[in-house]
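One structure below.
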Amino acid sequence: MTGTLIAPVIPSSSAGPARPARAHGAARTLPLAVPPARLPTLPGDVVYGLARVDASGRVADRSVTGALGWQGGDRLTLTAESGVVIIRRDLSGLVTVPPRPCIPIPAALRHRCGLLPGDPVLLAGIPAEDTLTAYSLAVVDQALRAHIPFPSLEGGQQ
């Protein structure tokens, strides 16, 4: 099968406004980003993870539970208020870690914290204290806005 060749479309030089002539070899210089004086580092005594609350109220991040050494059968005590759930390993705790390590958060505590299935939570484990804290992203957002200036939104609102 043979066909006719189609000629390329090349716009004429008079098709639009002329570009200003640039000196040959001259390049526009862009400002360089200035790195912060000292980059922040994560503390070595805290392990962070991000997880979502599943339909049964469980959250799981193996790196955090692994750093804590929590395993299936461990008993936990959970307390909650204002978008924060504090979990401690406790021999007399009412909640048990399932065989596949995750943290089951009872419905009453999820309700108190405003956590719904699918909500992401920031997990902060402190192995030296055998404690895990789950922060709703609403709490994380409040903390960030209180300590870090955000760029202005459109219209000058923050």
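No lab work stands behind these numbers, since they all come straight from the coordinates. This one's a predicted model, so the numbers in the text were calculated from it and none came from an experiment. Counting neighbours? That spans all protein chains shown, and the Cβs are built from the backbone with ideal geometry, glycine included.
Worth pointing out:
- Packing order of peptides 109-115, 42-48, highest average first: 109-115, 42-48 (average count of other Cβ atoms within 10 Å over each peptide's residues).
- Using the Cα coordinates of the stretch 47-131, the gyration tensor eigenvalues translate into equivalent-ellipsoid semi-axes of 18, 14, 12 Å, sorted from longest to shortest.
- Stretch gain in nm, segment Arg52-Arg38, where the contour uses 0.36 nm per residue and the Cα spacing is subtracted: 1.8 nm
- Under-5 Å amide H pairs with Thr131, H placed in peptide plane, nonlocal only: Ile126
- Once backbone amide H atoms are built at 1.01 Å from N, Asp119 has Val53 as its partners under 5 Å, excluding neighbours fewer than 5 places away on the same chain.
- The length gained by stretching the chain between Arg112 and Arg75 to full extension, at 0.36 nm per residue less their Cα-Cα distance, is 11.2 nm.
- Note on Thr96 and Leu137: their simple-model spin labels are 3.4 nm apart, each label 7 Å out from Cα toward Cβ.
- Estimated dipole of the stretch 47-131 in Debye, rounded to 20 [Cβ of Lys and Arg +1, of Asp and Glu -1, Cα centre]: 180 debye
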